[in-house]
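A short worksheet on the structure shown next.
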Amino acid sequence: MQHNMRHTVNNNPTNFHRHFFGSGCLATRKARVLTRGALQVKAIGFDFGDDDGRSSRAAPIKPSSKINNLGTLAASLLVYGHVVKGAVGEAYLQALTITQKYQASNKEILSAYARFYNLLLASGYDSWQDYILDQVLLGRDNAFARAAAQGTLDDDAPVLRAVAYDLDVLQELALPLPQLAELIAEAAPLGGAYWLEAASSVSIKSKKKGVAAAYAPASETPVTAIDPHSRPLYVGRPPTEAELAAWKAAISGKEAWSEAVQLLRQYYHLHGFGITSRNSTLRWTKGAFEEGADGSAAASLAPLPALESQRATLDANTLRHCEGSTAHHVLVAGPSGSGKSALLWDYTLAAGKDKGLRLVDVGAAEVGNILEAARGCGRYPRLRFILVADHVDLPMRGAADLMSGLAGSGPSGWPSNTLLYMGGSSSSAISYDPVVSRFGLILTTTELSEQDFSDTLRLVAGEDARLLRDDDVAYAAEWARKQMGTLSVRSAVHYVRRARSG
């Protein structure tokens, strides 16, 4: 039943409540939300309320005091402050703060809440709690998440207590939208009952679907347990949406979120933290990772007979790298459209995605910064990266640092968790480039024969291949030679796209 409490009010006092509200304060979580007592954290030297301790039961307090308490709690976050520092989190705090402004108008208060509501909706979350839990699992700019992901966190590290405190604070901040909207409505009564009803839900899903998701059996997407005596050597693939929902439910199902500290540690160890924990494909831009193109379609590209030999060699190298064994940097050379990009991107991702591989696009503007990108990957030692630099003109200019890095010599040595897969442009002269000698594996592609073009055309056409007659294939080959100058993988793909669109 724990997982089924995700969108309901927990009827048991949390550890946070017991520690910081006093044993005789409010009896239930529901009562605590509706008649919230003054918050006290005397155990660590802070007093967030004004209860003098003479009464064992706090009287109901004004809405303004409730809002002040929430703002003070948010400011007290020790490790997870980033959760309320993003655009959505800051809008949430601003919506609370504006109600405390002297002579704040109804317009100002409702506008601030509307901004928070719009940002939450635009971000694709079904609730404020869903947003908080997602940011907790993302662990962006979080030293605890980094240490847990990299395996450097001691079992008795003092920071675990701070994490537990923060989780209980975030549980207090994760008000259901109806209660948050009610606090705003009390400060801006001109909104009225109609506004209150409309502002109490942000989901784009129907209520039936939302309830079904909230009460989905946890066994359908179980949270994976880690054997402490045989932890995985490397970070795995990013979680699916269903798996991510299961992790959120596992945390929100706890009586007190502070009980989920080990769950969080386990999640970071399995999936990593930050942008690399959510994406198998990334892009290196201006010294940092960005989210790359969705690789799901690329990873499902059908095997092409003309590239079968090269793919087998490349796949074996990629899998060795994912397993932590010795693997080589790879250079792929060949004429334009002969399948170099399919090898470097589609097939490499297909081979390594489920093994936890992160593929990083180094675009034309960043080719001179390949070594910098590799060092960026080196900051995540339990992840396996492959940098992909495609359509590179060889010989490269100013490649002394790259050559030194690929050789693994000096302070600019290449990180062991990263490989470089490079595709030479059709005009490259690889025999004259000293960088080429740094690649342990060189693969070449060629123009397609008539039979290879026919096979490739049918594979690219998929289900439509049954409509292709021999004369259609002959026409496609003639079109490819006239329009693109050669029979190639690219010309087969372009012809199929042209046929489908017209």
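Please indicate, with yes or no, whether at least one residue in segment 107-125 is open to solvent by 30 Å² or more (accessible area, probe 1.4 Å), within 30 Å of Val159 (Cβ to Cβ) and either of a type in the set (Phe, Trp, Tyr) or in contact with a Cys (Cβ under 9 Å, 6 or more places away or on another chain) (or both). Checking segment 107-125: at least one residue is open to solvent by 30 Å² or more (accessible area, probe 1.4 Å), within 30 Å of Val159 (Cβ to Cβ) and either of a type in the set (Phe, Trp, Tyr) or in contact with a Cys (Cβ under 9 Å, 6 or more places away or on another chain) (or both). Is it true that some residue in segment 296-306 is assigned to a strand (DSSP E or B) and polar (S, T, N, Q)? The answer is no; no qualifying residue exists.
Of everything in segment 353-377 that's in a strand (DSSP E or B) and of a type in the set (A, V, I, L, M, F, W, C), which residue is surrounded by the fewest Cβ atoms within 10 Å (Cβ to Cβ)?
Leu357
Leu93 satisfies every condition listed in (1) open to solvent by 40 Å² or more (accessible area, probe 1.4 Å); (2) out of contact with any Gly (no Cβ under 8 Å at 6 or more places or on another chain) except (2).
Of the helices (runs of 4 or more DSSP H) that lie entirely inside segment 107-216, those containing 2 or more residues that are over 25 Å from Ile275 (Cβ atoms) span 159-173, 177-187, 192-198, 207-214. What are the residues in segment 378-389 that are crowded, with 21+ Cβ neighbours inside 10 Å and in contact with a Gly (Cβ under 8 Å, 6 or more places away or on another chain), if any? Listed by number, the residues that qualify are Tyr380, Leu383, Arg384, Ile386, Val388, Ala389. Within this structure, Ala297 fails the test of being surrounded by fewer than 19 Cβ atoms within 10 Å (Cβ to Cβ), modelled with pLDDT under 90, closer than 23 Å to Ala374 by Cβ and of a type outside the set (Val, Ile, Thr).
Within segment 399-413, the presence of a residue that is touching a Gly at 6+ places or on another chain (Cβ under 9 Å), open to solvent by less than 10 Å² (accessible area, probe 1.4 Å) and either at pLDDT 90 or above or charged (D, E, K, R) (or both) is excluded. Applying a threshold of 9 Å to beta carbon distances and a minimum spacing of six or more residues, or different chains, the list of pairs starting in segment 478-499 at a residue that is in contact (Cβ under 8 Å) with a residue 12 or more places away in the chain and ending at one that is surrounded by fewer than 13 Cβ atoms within 10 Å (Cβ to Cβ) and outside any helix (DSSP H, G or I) reads Leu487/Ser449.
In the set Ala312, Ala316, Ala245, only one residue is closer than 22 Å to Gln135 by Cβ and not in a loop (DSSP other than H, G, I, E, B); that residue is Ala245. Among the residues of segment 425-445, just one is modelled with pLDDT of 90 or more and either farther than 26 Å from Glu323 by Cα or charged (D, E, K, R) (or both), namely Thr445.
In segment 278-294, of all residues being farther than 20 Å from Ala364 by Cβ and open to solvent by 60 Å² or more (accessible area, probe 1.4 Å), the one that is modelled with the lowest pLDDT corresponds to Asp294. Given the criteria at pLDDT below 95 and either open to solvent by less than 20 Å² (accessible area, probe 1.4 Å) or aliphatic (A, V, I, L, M) (or both), does Ala149 qualify? So Ala149 fails the test.
Residues being under 29 Å from Asn369 (Cβ atoms), among the β-branched types (Val, Ile, Thr), in contact with a Gly (Cβ under 6 Å, 6 or more places away or on another chain) and open to solvent by less than 30 Å² (accessible area, probe 1.4 Å) are entirely absent from segment 256-276.
Scan segment 319-347 for residues that are assigned to a helix (DSSP H, G or I), open to solvent by less than 40 Å² (accessible area, probe 1.4 Å) and over 22 Å from Ala461 (Cα atoms) and the total you get is 2. Just wondering, is there one or more residues in segment 150-161 that are of a type in the set (Val, Ile, Thr), farther than 19 Å from Trp257 by Cβ and without any contact (Cβ under 8 Å) to a residue 60 or more places away in the chain? Yes, segment 150-161 contains a residue that is of a type in the set (Val, Ile, Thr), farther than 19 Å from Trp257 by Cβ and without any contact (Cβ under 8 Å) to a residue 60 or more places away in the chain. Of everything in segment 424-467 that is part of a loop (DSSP other than H, G, I, E, B) and of a type outside the set (Gly, Ala, Ser), the residue that is surrounded by the most Cβ atoms within 10 Å (Cβ to Cβ) is Leu448.
Among the criteria (1) surrounded by 15 or more Cβ atoms within 10 Å (Cβ to Cβ); (2) modelled with pLDDT under 90, the one Trp128 does not fulfil is (2). When restricted to residues that are among the aliphatic types (A, V, I, L, M) and surrounded by fewer than 16 Cβ atoms within 10 Å (Cβ to Cβ), segment 468-498 contains 1.
The values are calculated or read from the model by the stated rules, or taken from the named source; none is laboratory data. Values in this document were obtained by computation on a predicted structure and should not be read as measured data. Note that each Cβ is placed from the backbone with ideal geometry, even for glycine, and that neighbours are counted across all protein chains shown. Heads up: the accessible areas ignore ligands, DNA and RNA and are worked out on the full protein's heavy atoms, side chains in. Shrake-Rupley method; radii C 1.70, N 1.55, O 1.52, S 1.80 Å.
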